[in-house]
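Structure first, then comments.
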Amino acid sequence: EAGVAQSPRYKIIEKRQSVAFWCNPISGHATLYWYQQILGQGPKLLIQFQNNGVVDDSQLPKDRFSAERLKGVDSTLKIQPAKLEDSAVYLCASSRRTGGNSPLHFGNGTRLTVT
Amino acid sequence: AQSVTQLDSQVPVFEEAPVELRCNYSSSVSVYLFWYVQYPNQGLQLLLKYLSGSTLVKGINGFEAEFNKSQTSFHLRKPSVHISDTAEYFCAVSDGGYQKVTFGIGTKLQVIP
């Protein structure tokens, strides 16, 4: 099966600019996650979708970050305006179903550098 | 709230030597436990998982982990490491409900030739 696809792989922007990331999960996977991985830290959950509904966005900085999942398939994550501390790798993951025993499948991530 | 503690940020080990990467967790409910591996410039890949049953679980690439409920630990082991095992390893816990997955900060395994 095809894996989780993310684009772009790399992005460099100046602070206060906006940026968007795209994710296409594995076909048939109901649950989609966006994680932020800052250098030297573990992945931190930003938002979790079940189909096209939000399950958990408690750690999403909603004043600048937004995310949507179109028709329960693809998803986009947007940052507007970006800050220096947003420099990180943004990982998208999907799982077959919601339920703690379903492993996550990750894309290769988007490395964002904010200057 | 659940949390994961990986006690070692870096572990250097000589090739063909055994290795143990330590993970402790805390949770107020029953949990599922995972180890993921991340190679440079890649996403995370599942190594192994504990869902229920036998406390010793085997994963890919010769890795295994043991679930110890009394010590709330899930340490990862390999009897003989290879250069290709050089990567970062993440322990993760899931609460089993809406599958909120919490990751540790990772352990960098450096295999020395």
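The values are calculated or read from the model by the stated rules, or taken from the named source; none is laboratory data. The structure presented is a predicted model; accordingly, all values stated were derived computationally and were not measured. A quick note on method: Cβ atoms are made from the backbone with ideal geometry, for glycine too, and the neighbour counts reach across all protein chains shown. Just the protein is used for accessible areas: all its heavy atoms, side chains included, with ligands, DNA and RNA removed. Shrake-Rupley method; radii C 1.70, N 1.55, O 1.52, S 1.80 Å.
Things to note:
- Sorting A:86-96, B:76-86, A:21-31 by their mean Cβ neighbour count within 10 Å, with the most densely packed peptide first, gives A:86-96, A:21-31, B:76-86.
- Contact with the other protein chains removes 50 Å² or more of accessible area, compared with the isolated chain and a 1.4 Å probe, from these residues of the range B:42-63: B:Leu44.
- Estimated D of chain A in µm² per second, where Rh is the Kirkwood radius over Cα pairs and Stokes-Einstein applies at 37 °C, 0.692 mPa s: 234 µm²/s
- Greater than 20 Å apart at Cα, pairs in A:Lys44/B:Lys100; A:Lys11/B:Lys100; A:Lys78/B:Lys49; A:Lys78/B:Lys108; A:Lys78/B:Lys100; B:Lys78/B:Lys108: A:Lys11/B:Lys100; A:Lys78/B:Lys49; A:Lys78/B:Lys108; A:Lys78/B:Lys100
- Mean shadow area of the range B:23-66, taken as a quarter of the surface of its Cα convex hull (nm²): 3.8 nm²
- Shielding score for B:4-11, defined as the mean number of other chain Cβ atoms within 10 Å: 0
- Packing-based ranking, highest mean first, of A:65-77, B:2-14 given that Cβ atoms within 10 Å are counted: A:65-77, B:2-14
- Amide H within-cut-off set for A:Val19, under 5 Å, with H built and near neighbours excluded: A:Ile79
- Candidates B:Ser70, B:Ser52, B:Ser27, ranked by Gaussian network fluctuation over chain B, Cα under 10 Å, top entry: B:Ser70
- Size check on the protein assembly as shown: the Cα extents along the three principal axes, sorted descending, read 48, 38, 34 Å.
- Peptide-level mean, for A:33-40, of C-beta atoms on other protein chains within 10 Å: 2
- The mean sequence separation of alpha-carbon pairs under 8 Å and at least six residues apart, normalised by the residue count of chain B, gives a relative contact order of 37 percent.
- Shielding by partners - mean other protein chain Cβ count within 10 Å, residues of A:3-9: 1
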